[in-house]
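Below is one structure; the comments refer to it alone.
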Amino acid sequence: MITRRTLERLQSMARPDIKVLSLYLDVNPATGLWQEKTYALERSLDAMADGLGRPERRAFANDRALALALLEEHKPQAKGLVIFVSASQGLTWAAELQVPVCPEIRYDTGPYVTLLSSLLDAHPSYGIALVDDRSARLFVVSMGEIEEQLELQNPVPSRHGAQEEFARAASWPGGGRAHRSVPARGGVGNTERRHGNARQEHLKEAAQELEALRQETGFRRLVLGGPVEALVHFEKELPPQTAPLVIGRISVSMRAGDQEVLKAAMQVAADYEAVREGGKVQELMTRAAKGQMAVLGADQTLLSLHRKKVFELLTARGLSLKGYQCPTCGLLRVTHAIGCPACGSTLQPEPLEDVVEHAVRQALSAGARVEVMNGPAREQLIQAGGLGAFLSYA
Ligand SMILES: [Zn+2]
């Protein structure tokens, strides 16, 4: 599972004198033939090798062989594949992704983690806690994958069990001690208190473990499941950084399988995201109308991207727009213009099948965030031209 911690570890591998070959591959069987994709990859690697100086070519050839060997082992079951290799550094790292990936190849010092970081931004990770009075199961969902991270089993005396214990103690031969505790009301009060304290200790421990997990994996949303009473107490134990992350509750058994937990949590997440995305598109429209550091509409947004003003690009899931690119300055446009609005060039612009894909890449390589809208927010954005952006300066 890839988390923020994974990125930090990868980044720490960068050596100023050693290059790393980074591949982001679209391996989704739904988007084309595997053979065609590997052929295109080989051609890109050839072109990259041609651009290198002699001393680097040998290292590159080794890295390329290593990457292709990894690819050979891969059986496409995912949507994306990321590979970082450096033969001279002894680095071979590969991960399958359950989310779509824009193909990209880099040969530079250190693994090129920028795209992975953007993918983590675009697919926020979730913590899930299933909690009852005596047990807790903690999960993390990152980019569509779920992993159970911890299971706690705390021996909390139940009310029922505790009374049985007292009953047994009372029947001990010569059990004076039990006799003192048993007399009805006081005894029950004690077991209630013991039960309550032990439960609170358990919930506190579970909350602390969850907080440690948040710090380690950086999840930004939290879904809870379990008996209502336990959850009420559990939420009170959550530290101030974690408590506001709760977006909803699921109703599954404490023994539910991973996929059942994932499915229920993703439904809560989808509802939450729909509301959040709707709010975001509304804010974009309002701010764009008032000229407050936001633009709406394809050409306006593409011009802002070109001028590197974009802080966050908003697009609609599955949207593609035909358009043009200026051969001189690279400006993307949806509507044809005789002169380029950015550089004034009058060369014939190159037609493009999809400017959205190019726009996403421009945004990511400029360090901007990209958010893809779904559901009603998607429809609203499409009606407004399909692209919009929040700007970092006017
Ligand atoms: Zn131009």
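The values are calculated or read from the model by the stated rules, or taken from the named source; none is laboratory data. This structure is a prediction, so every number in the text was calculated from the model and none was measured. Positions of Cβ are generated from backbone atoms using ideal geometry, with glycine treated the same way; all protein chains shown enter the neighbour counts.
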_Condition (residue is farther than 27 Å from Asp271 by Cβ, touching a Phe, Trp or Tyr at 6+ places or on another chain (Cβ under 8 Å), touching a residue at least 60 places away in the same chain (Cβ under 8 Å) and away from the ligand (no atom under 16 Å from the Cβ)) applied to the stretch 286-294: is it met by at least one residue?_
yes
*For the stretch 329-382, name all the residues that are of a type in the set (Lys, Arg) and modelled with pLDDT under 90.*
Arg361, Arg369
*asked:* Between a residue in the stretch 128-157 that is more than 13 Å from Leu222 (Cα to Cα) and without any contact (Cβ under 8 Å) to a residue 24 or more places away in the chain and any residue that is of a type outside the set (Val, Ile, Thr) and part of a strand (DSSP E or B), which pairs come within a Cβ distance under 9 Å, given they are 6 or more apart or on different chains?
replied: Glu151/Ser135; Glu151/Ala136; Glu151/Arg137; Glu151/Leu138; Gln153/Ser135; Gln153/Ala136
_Residue count, the stretch 279-291 (criterion: surrounded by fewer than 16 Cβ atoms within 10 Å (Cβ to Cβ) and in contact with a strand residue (DSSP E or B) (Cβ under 9 Å, 6 or more places away or on another chain))_ = 3
_Just checking, does the stretch 342-350 include any residue being outside any helix (DSSP H, G or I), within 22 Å of Leu119 (Cα to Cα) and of a type in the set (Asp, Glu)?_
no
*Matching residues in the stretch 325-341 - criterion: being part of a loop (DSSP other than H, G, I, E, B) and either near the ligand (Cβ under 9 Å from one of its atoms) or farther than 22 Å from Leu381 by Cβ (or both)*: Cys326, Pro327, Thr328, Cys329, Gly330, Leu331, His336, Ala337, Ile338, Gly339, Cys340, Pro341
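Please pick out the residue among Leu130, Leu138 that is more than 29 Å from Pro29 (Cα to Cα), more than 18 Å from the chain's Cα centre (by Cα) and modelled with pLDDT of 90 or more.
Numbers: Leu138 fails: more than 18 Å from the chain's Cα centre (by Cα).
Just one listed residue meets the conditions, Leu130.
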*asked:* Anything in the stretch 374-394 that is of a type in the set (Gly, Ala, Ser), outside any helix (DSSP H, G or I) and buried (at least 18 other Cβ atoms within 10 Å of the Cβ)? List them, or say none.
replied: Ala384, Gly386, Gly388, Ala389
*asked:* Given (1) closer than 26 Å to Ala394 by Cα; (2) touching a strand residue (DSSP E or B) at 6+ places or on another chain (Cβ under 8 Å); (3) away from the ligand (no atom under 12 Å from the Cβ), identify the lone condition not met by Lys322.
replied: (1)
*Please specify each residue of the stretch 342-370 satisfying the condition of being within 16 Å of the ligand (Cβ to nearest atom) and either under 16 Å from Ser304 (Cβ atoms) or among the basic types (Lys, Arg) (or both).*
Ala342, Cys343, Val355, His358, Ala359, Gln362
*Of all residues in the stretch 298-324 being part of a strand (DSSP E or B) and out of contact with any helix residue (DSSP H, G or I) (no Cβ under 7 Å at 6 or more places or on another chain), which is farthest from Glu357 (Cα to Cα)?*
Phe311
*Residues in the stretch 251-261: is at least one within 30 Å of Arg137 (Cα to Cα), touching a helix residue (DSSP H, G or I) at 6+ places or on another chain (Cβ under 6 Å) and surrounded by 16 or more Cβ atoms within 10 Å (Cβ to Cβ)?*
yes
*If you check Gly80, Gly110, which single one turns out to be surrounded by 19 or more Cβ atoms within 10 Å (Cβ to Cβ) and under 23 Å from Glu273 (Cβ atoms)?*
Gly80
*Kindly indicate whether Val295 is more than 25 Å from the chain's Cα centre (by Cα) and either assigned to a strand (DSSP E or B) or outside the structural domain of Ser135 (by TED's automatic domain parsing) (or both).*
yes
*asked:* Of the residues Glu216, Glu283, Glu235, only one is touching a Lys or Arg at 6+ places or on another chain (Cβ under 7 Å), in a helix (DSSP H, G or I) and farther than 28 Å from Ala30 by Cβ; which?
replied: Glu216
*Considering every residue within the stretch 365-373, establish whether at least one is buried (at least 22 other Cβ atoms within 10 Å of the Cβ), under 23 Å from the mean Cα position of the chain (by Cα), in contact (Cβ under 8 Å) with a residue 40 or more places away in the chain and in a strand (DSSP E or B).*
yes
*For the stretch 1-41, name all the residues that are under 27 Å from Gly318 (Cα atoms) and assigned to a helix (DSSP H, G or I).*
Arg4, Pro29, Ala30, Thr31, Trp34, Gln35, Glu36, Lys37, Thr38, Tyr39, Ala40, Leu41
